[in-house]
Amino acid sequence: MSFVFEKLRGVRDFYPEDFHGRKVIYGNLSGTAKNYGFKEVCTPSIESLDIFTKKSGEAIVDEIYSFNDKGGRGICLIPELTPSVVRMVVQRQKVLTKPVKWFSLSRHWRYERPQKGRQREFYQFNVDIFGSRSSRADFEILSCGIDCLLNLGIDNFMFHLSDRNILGAFFESLHLPVNEAFTVVDKRNKVDEPEFRSMLSDMGMDDEGYDSLIGLLDINGNVNDCADLILEDYPALGDKAVIALKNLREVGDLLKNYGFEENCKFDLSIVRGLAYYTDMVFEVFDKKKSLRSLFGGGRYDDLVQLLGGQSMPAVGFAIGLPLLEILMKESGIWPEPDFGPDFFVVTIGDVEKEALRIIKLLRKDHTVEYSLGSKNMSNQMNLANNLGAKKVIIIGERDIKEGVFSLKDMASGTQEQVVLEEFVKRYC
RNA sequence: GCCGGGGUAGGGUAGUCUGGUCUAUCCUAAAGGACUGUGGAUCCUUUGACUCGGGUUCAAAUCUCGGCCCUGGCCCCA
């Protein structure tokens with residue numbers, strides 16, 4: 001081999017067996033979303049760079065693929081879907097029937113170091129509801145997410161639910177900077193206890209506050225019970241927290257009545273970084289927590305307005321397909337393809353006319369292959385075998401004069417003589 | 001951007017520490033033949049690799065430096 005091009009870092013080739021899995025997964029996810037009444041949309045792969053800097057700040061430019069086009073416009077390959085979908089909503093905001101329920105499978109690019117489950121080019125499945133502030137919308141997103149996993153055959157997962165306003169109110173009551181405090185909370189599992197404590201005390205938190213925080217973060221269990229517990233034990237948190245807790249209680253009731261109570265737990269440590277989330281947030285973990293979070297989502301009521309629309313609440317989630325694939329392969333439930341054709345036609349001698357006739361008829365309803373090279377019979381049988389053909393039709397000069405051919409079942413090896421016209425009636 | 005592990009035919013590997021018939025091992029795969037009316041078995045043939053570049057040396061797959069890529073993590077995670 002003198003020279004070959006290699007694929008770029010962090011991207012992936014999908015060979016037939018890989019692509020098959022992706023198609024099955026996507027079909028399954030879309031089917032679930034459709035059953036919940038979501039409609040599929042598709043956005044462009046490129047957007048103006050501004051839409052992302054507006055939402056996430058200039059720092060994001062270092063982490064995405066961006067360039068100036070020939071007209072000097074700042075362009076980027078989309079690193080996530082939400083801004084594009086919000087743009088689509090805003091453009092037709094007045095006429096869309098609310099709530100707007102959309103899903104999509106989108107391709108994304110991020111200029112970052114590849115890691116397990118993180119590639120530079122990847123696919124995400126996104127589900128969003130625009131225009132409903134109701135706890136039912138939160139619940140609809142959660143239950144759809146749960147069903148997506150269940151319908152794929154994944155059941156060793158847990159949804160961790162929270163609302164940013166609960167911890168937010170707590171930090172405000174201590175006069176601490178809320179966003180910075182969230183960032184520290186997000187790090188809790190990555191640093192040891194003394195460091196966690198010192199990060200918070202650097203921010204101005206005293207020991208009493210720290211103990212209260214740990215008390216809150218360690219509350220663990222059923223959503224409704226935990227919400228009640230906080231309403232009782234932390235009366236000083238204020239209105240915002242009470243509203244959030246009541247909302248979570250409603251979500252909890254809905255989940256219970258829907259039969260998904262066991263799939264969710266309360267977990268205030270979920271804050272989703274410094275994202276645009278405003279209220280309810282969640283992250284999904286495998287039960288062993290051996291992988292990073294599988295996916296997450298939540299409510300982002302300010303983004304539509306931030307991107308130029310009229311104020312409109314929104315809630316949604318996004319699942320990255322790479323992690324799903326890892327999880328499913330570990331569980332042994334990744335769909336394996338069967339590319340074997342239903343029929344393979346072997347020819348002997350000059351029978352092309354008869355062979356092509358039967359091939360064409362069968363191809364209306366079946367997968368049919370035959371040798372594209374002029375090979376001997378042994379070769380043709382070999383090819384049929386390697387392709388995984390279910391049945392082989394052997395058409396030879398000797399037999400076809402009498403209107404018959406041989407039909408061989410490749411799994412059993414049994415072979416029968418078949419009358420051509422009867423076969424055509426039966427299969428075509 | 002930072003830190004660690006790694007890179008030998010399409011896939012999997014031996015060899016690397018201790019440089020020397022390495023003209024690179026074996027398994028598998030693919031193509032063809034033995035077998036111009038029968039696949040999976042067997043035998044034979046063929047295809048096919050030291051990630052790239054510089055350095056040290058009489059001699060580099062082996063030692064060394066750098067790039068590229070893979071991989072685990074940090075940062076980040078929108």
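The values are calculated or read from the model by the stated rules, or taken from the named source; none is laboratory data. Nothing here was measured: the structure is a model prediction, and the numbers come from that model. Don't worry about glycine lacking a Cβ; one is built from the backbone with ideal geometry, like all the others, and counts go over all protein chains shown. What goes into the accessible areas is simple: the full protein's heavy atoms, side chains included, and nothing from ligands, DNA or RNA. Shrake-Rupley method; radii C 1.70, N 1.55, O 1.52, S 1.80 Å.
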Does A:ASP18 meet the test of being more than 9 Å from RNA strand B (Cβ to nearest atom), farther than 15 Å from A:ASP128 by Cβ, of a type in the set (Asp, Glu) and in contact with a strand residue (DSSP E or B) (Cβ under 9 Å, 6 or more places away or on another chain)? no
Of all residues in segment A:120-136, which are touching a helix residue (DSSP H, G or I) at 6+ places or on another chain (Cβ under 6 Å) and not in a strand (DSSP E or B)? A:SER135
Taking the conditions exactly as written (open to solvent by 30 Å² or more (accessible area, probe 1.4 Å), within 14 Å of RNA strand B (Cβ to nearest atom), touching an Asp or Glu at 6+ places or on another chain (Cβ under 9 Å) and more than 19 Å from A:VAL85 (Cβ to Cβ)), does A:GLU63 satisfy them or not? yes
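Residue by residue, here is whether (1) under 17 Å from A:ILE166 (Cα atoms); (2) modelled with pLDDT of 95 or more; (3) touching a Pro at 6+ places or on another chain (Cβ under 6 Å); (4) open to solvent by 50 Å² or more (accessible area, probe 1.4 Å) holds:
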{"site": "A:ASP253", "(1), (2), (3), (4)": "no, yes, no, yes"}
{"site": "A:VAL271", "(1), (2), (3), (4)": "yes, no, no, no"}
{"site": "A:THR278", "(1), (2), (3), (4)": "yes, no, no, no"}
{"site": "A:LYS287", "(1), (2), (3), (4)": "no, no, no, yes"}
{"site": "A:SER290", "(1), (2), (3), (4)": "no, no, no, yes"}
{"site": "A:LEU307", "(1), (2), (3), (4)": "no, no, no, no"}
Does A:GLU193 count as without any contact (Cβ under 8 Å) to a residue 12 or more places away in the chain, over 30 Å from A:VAL24 (Cα atoms) and assigned by TED's automatic domain parsing to the domain that holds A:VAL281? yes
Scan of segment A:173-191 for residues that are assigned to a loop (DSSP other than H, G, I, E, B), open to solvent by less than 90 Å² (accessible area, probe 1.4 Å) and more than 10 Å from RNA strand B (Cβ to nearest atom), ordered by number: A:LEU174, A:LEU176, A:PRO177, A:ARG188
Considering only segment A:1-109, give the helices (runs of 4 or more DSSP H) lying wholly within it that have at least 2 residues that are of a type in the set (Phe, Trp, Tyr) and within 18 Å of the chain's Cα centre (by Cα). A:16-35
Is it the case that some residue within segment A:23-39 is modelled with pLDDT of 95 or more, open to solvent by less than 30 Å² (accessible area, probe 1.4 Å) and polar (S, T, N, Q)? yes
For segment A:145-172, what are the residues that are free of Cβ contacts under 8 Å to residues at least 40 places away in the same chain, under 21 Å from A:ASP279 (Cβ atoms) and open to solvent by 40 Å² or more (accessible area, probe 1.4 Å)? none
Spot the failing condition for A:ILE219; the list is (1) at pLDDT 90 or above; (2) more than 19 Å from A:ARG272 (Cβ to Cβ); (3) not in a helix (DSSP H, G or I), and only one is missed. (2)
Residue by residue through segment A:176-220, note down the ones that are of a type in the set (S, T, N, Q) and closer than 22 Å to A:LEU161 by Cα. A:ASN179, A:THR183, A:ASN189, A:SER212, A:ASN220
Filtering segment A:375-409 down to residues that are more than 7 Å from RNA strand B (Cβ to nearest atom) and over 20 Å from A:GLU354 (Cβ atoms) yields A:LEU387, A:GLY388, A:LYS390, A:ASP409
Going by what's in this entry, would A:ILE400 be described as touching a residue at least 60 places away in the same chain (Cβ under 8 Å), more than 30 Å from A:CYS148 (Cβ to Cβ), in contact with a helix residue (DSSP H, G or I) (Cβ under 9 Å, 6 or more places away or on another chain) and β-branched (Val, Ile, Thr)? no
Log entry, pairs with first residue in segment A:409-428 being assigned by TED's automatic domain parsing to the domain that holds A:HIS366, second being of a type in the set (Lys, Arg) and open to solvent by 40 Å² or more (accessible area, probe 1.4 Å), beta carbons closer than 6 Å, six or more apart or on different chains, reads A:ASP409/A:LYS391; A:GLN415/A:LYS408
When every residue in segment A:346-374 that is within 12 Å of RNA strand B (Cβ to nearest atom) and open to solvent by less than 40 Å² (accessible area, probe 1.4 Å) is compared, the one nearest to the chain's Cα centre (by Cα) is A:SER371
Restricting to segment A:260-315, and then to whatever is of a type in the set (Asp, Glu) and in contact with a helix residue (DSSP H, G or I) (Cβ under 8 Å, 6 or more places away or on another chain), can you tell me which residue is farthest from RNA strand B (Cβ to nearest atom)? A:GLU261
